[in-house]
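Just so it is clear, none of the values below were taken in a lab; they were calculated from the coordinates. The structure presented is a predicted model; accordingly, all values stated were derived computationally and were not measured. Note: ideal-geometry Cβ built from the backbone for every residue, glycine included; neighbour counts use all protein chains shown.
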Amino acid sequence: MKARASCFGAGTIVNAIAGGKGVAFGLALRATATAETQPEPFGVRVDAVNGVDPKLAVSAARRVLERSGSGRGLAISVDSEIPISRGLKSSSAVANAVVLASARALAAELEPLEMIRIGVDAAVDAGVTLTGAFDDACASFFGGIVLTDNHARRILKRDRFSEDVVAVVHIPDRTIRKENLRRLDFGPIRPQVEAAFRLAERGEYFRAMDTNSGAYAAVLGVSEAPAVRAREAGALAAGISGTGPAIIALAEHSDLEPVRDALAEPASVDRVVPLNYIESHEVVA
């Protein structure tokens, strides 16, 4: 049996690395996986393009295969339009898409949170996340805004922005690999990040996003200058997404052009991207 699934990337409001609780929102950049069942000796094999980490896809598919107890193998192909190692949750989207496609191909009855947790475990095994990124995985799978306790792997709240809000994504040509972040000390910024999370709990997502970005910028070595310019140009909020170096500005449609112009820098791409509110199992791949 053959099945396809698409899942989307996400952006950061509060990064969970320092405080253990995160806030993320769905972003309409797509990752797609195809899974096809094979005879038992086949195991799991992955064909991945556009920089997708095959270890992540193998780990995600193997976990679904083990859960299914089917005794078959899986051939997986993965493609993604999400720039990797920029903080736009490409790993969460790929893991979710592989798990969902594999579950469909194997006719495995898995609940959404079970699939998300499988993908999070796969991401930890593959070394593409520092925390498991449960917040990012939930925003990728469910769309909208999610507030999570990443240690408990529990969703605390779901919400959404108004329909007029759109993202402008600033994508530098450089990348930041997770292995390069393991020596960093995020402890000193924990009070600021926890304050940002409390703002988000009250629904003050824009202030939370700005506060979070200011806290993480110095530790990550990512300049906030594009975000500052975007805010001055009319963005509702702007900040570092994940561990960067991508910066996302949220703006109303009427302010898109000045915000996009303000973000512009040499050796970067700036894209207007809709927010995502569609749950992954409802997406037509």
* Asked: Can you work out D for region 10-142 in µm² s⁻¹ from Stokes-Einstein, where Rh is the Kirkwood radius over C-alpha pairs, the temperature is 25 °C and the viscosity is 0.890 mPa s?
  -> 170
* Structure fact -> Here the relative contact order (percent) of the chain, from C-alpha pairs under 8 Å and at least 6 apart, is 24
* Structure fact -> Note on region 130-173: the mean projected area of its alpha-carbon convex hull, in nm², is 4.3
* **region 127-183, dipole about Cα centre (Lys/Arg Cβ +1, Asp/Glu Cβ -1), debye to the nearest 20** => 380
* To do: Compute the projected area of the convex hull of the Cα atoms of the chain, averaged over all viewing directions, and report it in nm² to one decimal place.
  => 13.4
* Asked: List the GluC sites (Glu not before Pro) in region 97-170 that DSSP assigns to loop (not H, G, I, E or B) and whose Cβ has at most 13 other Cβ atoms within 10 Å. Which are they?
  -> Glu109, Glu163
* **Exposed-site-free run, longest, the chain (rule: trypsin sites (Lys or Arg not before Pro); DSSP loop; at most 12 other C-beta within 10 Å)** => 1-173
